[in-house]
Amino acid sequence: MKQRVSQKQIAEACQVSVATVSYALRNSRHISVSTREQIQKVAHELGYRPDPSLSSLAAKKRRSGQTPFYASVGVLHPNPKSSRATQLFNIHSRHFKEKMEDLGCSVSEFQVDSNRYRPERLAQILRTRGIRGILLGWGQWPDSIRSFPWHEFAVISTERTDLGYAIDKVSMNHFHALDSIFDRLDAFPESRYGLILHDDCPAKTESHIMGAYHANLYERKNLESDIPPYRYKLNEGPTRLRAWYQAHKPDVIISHRAIEASLFQDAGITFPAPTRLVIIEIDEATDLEFSGIYTEATLGQTTAQLLARKMRTHEMKRESNRAELTLVNGIWHDGVSLGS
């Protein structure tokens, strides 16, 4: 039996999203006539036929009064594609886009790191494309973005983006992460704990981490808490880290994010012996399988669901609104850096 042609195959042939193909096959006005006709032509050439079971389900939803939800969403990146911030955010952005397309939304991406996207021009482009929702990416935003008309759109961001406005955010639950880490570490005899923070860590995130870290130390009277946190700078050499390690001799290191294993080695730090290493937040592929908390797809998927809700309810950003913070729990992973 010949395999049924899927909308995903049509999307790949046309180099568009599955959501765009879905719009075209339903003659939706959410996309241009030329794009719609081109997709329909390719679908015909490939021999696409609607799945009878899905058509039946759609008809049932229409009869039950369940209205499908369609919308266009923009992901705004403040830095070039090659920047570390954009590359890190792409991990979460990928899951965000997949979830948005599952919800029936099309997603467009914009690199707003140049003057061609002044706030007024960017807003006009988004209006023209019918974009109702915005996800803010990671990186350094220019001061000019403050004049952007945020009130016209449903907007959401993650913990690393702070424009000084009441914009809802989604963040990893660092309180839960550190509680989980200390619970794991209770099984080991070591008592000298050291903390590594990244120098680009947002102030509020750092406050959450420090609060949860010291609360867990305080609850465990057998642990020593006199070691000052080490502040890691991206691409730094091993000199400062080696000096910190030799001065304080922690036998357990808890790091906010993953750092290249080679830096630890060059600084004379080996794990899991004599030093155990745990990562609070792992959201990228690394050259070593670290022990710690992985965010996986949760952050991106939760962000998509919240933005979809805001668009459904026409909940645009208002100056009088208080920003809401939604925390998502990561998943513990047994890597090689903790040991047994």
To check you understand DSSP bridge types, tell me what percent of the beta bridges within the chain (both residues inside) are antiparallel, rounded to 5.
10 percent
Along the charge dipole of the chain, pointing to its positive end and built from +1/-1 on Cβ of Lys, Arg, Asp and Glu, which listed residue (ILE125, GLY211, SER147) has its Cα farthest out?
ILE125
Could you please state, rounded to a whole Å, how far the C-alpha centre of the stretch 79-115 is from the C-alpha centre of the stretch 250-304?
24 Å
How many angstrom lie between the C-alpha centres of the stretch 133-164 and the stretch 201-220?
26 Å
Over 20 Å (Cα to Cα) - which of LYS81/LYS169; LYS99/LYS204; LYS204/LYS310; LYS8/LYS97; LYS8/LYS310 fall in this group:
LYS81/LYS169; LYS99/LYS204; LYS204/LYS310; LYS8/LYS310
Angle, helix 33-46 long axis vs. longest principal axis of the chain, Cα atoms, 0 to 90°, nearest 10?
90 degrees
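To make sure I understand, if each residue's beta carbon is the centre and we count other beta carbons within 10 Å, what order do SER83, SER157, SER144 fall in, fewest to most? Could you put the intermediate results ahead of the total?
Numbers: SER83 18, SER157 23, SER144 14.
Ordered from fewest to most neighbouring Cβ atoms within 10 Å, SER83, SER157, SER144 come out as SER144, SER83, SER157.
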Once amide hydrogens are built 1.01 Å from N within the peptide plane, the residues lying 5 or more places from MET172 or on another chain with amide H under 5 Å from its amide H are GLU159, VAL328
Mind sorting MET210, MET172 by how few other Cβ atoms lie within 10 Å of their own Cβ, fewest first?
MET210, MET172
Among HIS95, HIS44, HIS151, HIS333, which comes first, second and so on when ranked by fewest other beta-carbon atoms within 10 Å?
HIS44, HIS151, HIS333, HIS95
Which FRET efficiency value, to the nearest 0.05, is calculated for HIS44 and ARG312 with the Förster distance at 30 angstrom and r the Cβ-Cβ distance?
0.35
Cβ-based charge dipole, the chain, positive-most Cα from SER262, HIS174, THR275:
HIS174
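Bear in mind that the values in this text are calculations on the coordinates, not laboratory data. Quick caveat: nothing in here was measured; it's all calculated off a predicted structure. Note that we place each Cβ from the backbone using ideal geometry, even for glycine, and neighbour counts take in every protein chain shown.
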